[in-house]
Amino acid sequence: GTKDDSLHNLKNTIYEINRETARFYYSNLSKPAGKWAMDYYLSRGLTPATIKSFGLGVALSEWDSLVKHLRSKGFSPEDMVQADVAVKSNKGTYFDRFRDRSMFPVINVRGNVIAFSGRRRTEDKTVAKYVNTKDTLVYNKSQNLFALNLAKANCSEQMILVEGNFDAVSLHQAGFKNTVAPLGTAFTKEQALLMSRYTKEVIICFDSDVAGETAVDKAF
């Protein structure tokens, strides 16, 4: 019916918004205001080729640089909110959900950008270290894994599960192309089921601190 059609159209619009957003964040790396993120990626040992293959980028510190960009491409602010790349203020204005963060797009196994994970620029502990897309029509955080889009072709025997996006990207670059990470959530039953579709054995490689060890116990 028409309701199904409009839902289908909205999903497609969200995919388009996410793809354009990922492009925008990536292009920001070459702007003076985004240089800090490029420097940060390089300081963590990532190569430009890795940065490009993961589509890493940066959300600038302005309140609405993404909203302006997406408006110029013909997208409505209401749809940006549905994609969770923008937020509506109490005053009724729209602003970027991610600001002043290095950005990791989450890409599903069909190659669609479905979400984002943003890491804070500062070491200011009052700011959340990671901000992740909330669940949307195209994204459920408990049912997706970061880097599965790249790992799925390389993991028929074994898959490596790490804690964070950076760990996953670094391991891929080092040749461990069977690595995935959960997204801003404790490892879930749904994620375990998802992994079981692609691999026979999972190697859990979390941090060796107390939090990491607790997370390993839970994941098992």
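The values are calculated or read from the model by the stated rules, or taken from the named source; none is laboratory data. None of the values given here were measured: they were computed from a predicted structure. With ideal geometry, Cβ positions are generated from the backbone for all residues, glycine too; neighbour counts draw on all protein chains shown. Side chains included, ligands, DNA and RNA excluded: accessible areas come from the protein's heavy atoms. Shrake-Rupley method; radii C 1.70, N 1.55, O 1.52, S 1.80 Å.
Scanning the range 175-194 for residues being closer than 27 Å to T47 by Cβ and either surrounded by 18 or more Cβ atoms within 10 Å (Cβ to Cβ) or touching a strand residue (DSSP E or B) at 6+ places or on another chain (Cβ under 8 Å) (or both) gives a total of 8.
Would you pick out the residues in the range 132-152 that are among the small types (G, A, S) and modelled with pLDDT under 95?
As a first pass, look at the range 132-152 and keep what is among the small types (G, A, S): 142, 147, 151.
Scanning the range 132-152 gives a single hit, S142.
Selection of first residues in the range 111-134 that are farther than 27 Å from L148 by Cβ and of second residues that are of a type in the set (V, I, T) and in a strand (DSSP E or B), restricted to Cβ pairs under 7 Å at least 6 apart or on distinct chains, gives an empty result. For residues that are of a type outside the set (G, A, S) and under 16 Å from the mean Cα position of the chain (by Cα), scanning just the range 44-53, find the one that is surrounded by the most Cβ atoms within 10 Å (Cβ to Cβ). Among those that are of a type outside the set (G, A, S) and under 16 Å from the mean Cα position of the chain (by Cα), it is I51. Scan the range 96-112 for residues that are open to solvent by 10 Å² or more (accessible area, probe 1.4 Å) and either aliphatic (A, V, I, L, M) or touching a Cys at 6+ places or on another chain (Cβ under 9 Å) (or both) and the total you get is 2. Would you confirm whether any residue within the range 198-209 is crowded, with 17+ Cβ neighbours inside 10 Å and within 30 Å of N12 (Cα to Cα)? Checking the range 198-209: at least one residue is crowded, with 17+ Cβ neighbours inside 10 Å and within 30 Å of N12 (Cα to Cα). Quick one: is L70 closer than 17 Å to F95 by Cα and either in contact (Cβ under 8 Å) with a residue 24 or more places away in the chain or part of a helix (DSSP H, G or I) (or both)? The answer is yes for L70.
Close contacts from the range 177-200, counting a first residue that is under 13 Å from V109 (Cα atoms) and a second that is part of a helix (DSSP H, G or I) and open to solvent by 50 Å² or more (accessible area, probe 1.4 Å), with Cβ to Cβ under 8 Å and a gap of 6+ residues or different chains, come to L194/Q143.
Of the residues L70, L60, L66, L56, only one is open to solvent by 10 Å² or more (accessible area, probe 1.4 Å) and of a type outside the set (V, I, T); which? Step by step, each of L70, L60, L66, L56 is checked, and only L60 is open to solvent by 10 Å² or more (accessible area, probe 1.4 Å) and of a type outside the set (V, I, T).
Number of residues in the range 1-43 that are in a loop (DSSP other than H, G, I, E, B) and either surrounded by 15 or more Cβ atoms within 10 Å (Cβ to Cβ) or at pLDDT 95 or above (or both) equals 3.
Does the range 165-220 hold any residues that are over 22 Å from the mean Cα position of the chain (by Cα), modelled with pLDDT under 95 and assigned to a loop (DSSP other than H, G, I, E, B), and which are they? Hits for the range 165-220 are S208, D209, F220. Annotation: S156 fulfils all but one of (1) in contact (Cβ under 8 Å) with a residue 24 or more places away in the chain; (2) within 23 Å of D207 (Cα to Cα); (3) of a type in the set (G, A, S); (4) surrounded by fewer than 19 Cβ atoms within 10 Å (Cβ to Cβ); the unmet one is (2).
Just checking, which of N144, N140, N165 is under 24 Å from N9 (Cα atoms) and crowded, with 20+ Cβ neighbours inside 10 Å? Please lay out each step first, then the result.
Working: N140 fails: crowded, with 20+ Cβ neighbours inside 10 Å; N165 fails: under 24 Å from N9 (Cα atoms).
Result: N144 is the single residue among N144, N140, N165 that is under 24 Å from N9 (Cα atoms) and crowded, with 20+ Cβ neighbours inside 10 Å.
Would you confirm, using the coordinates I've provided, whether W63 is more than 20 Å from F146 (Cα to Cα) and in contact (Cβ under 8 Å) with a residue 60 or more places away in the chain?
Values: more than 20 Å from F146 (Cα to Cα): yes; in contact (Cβ under 8 Å) with a residue 60 or more places away in the chain: no.
No: the conditions fail for W63.
Checked against the criterion of being free of Cβ contacts under 8 Å to residues at least 40 places away in the same chain and under 26 Å from N178 (Cβ atoms), the candidates L42, L46 yield just one match: L42.
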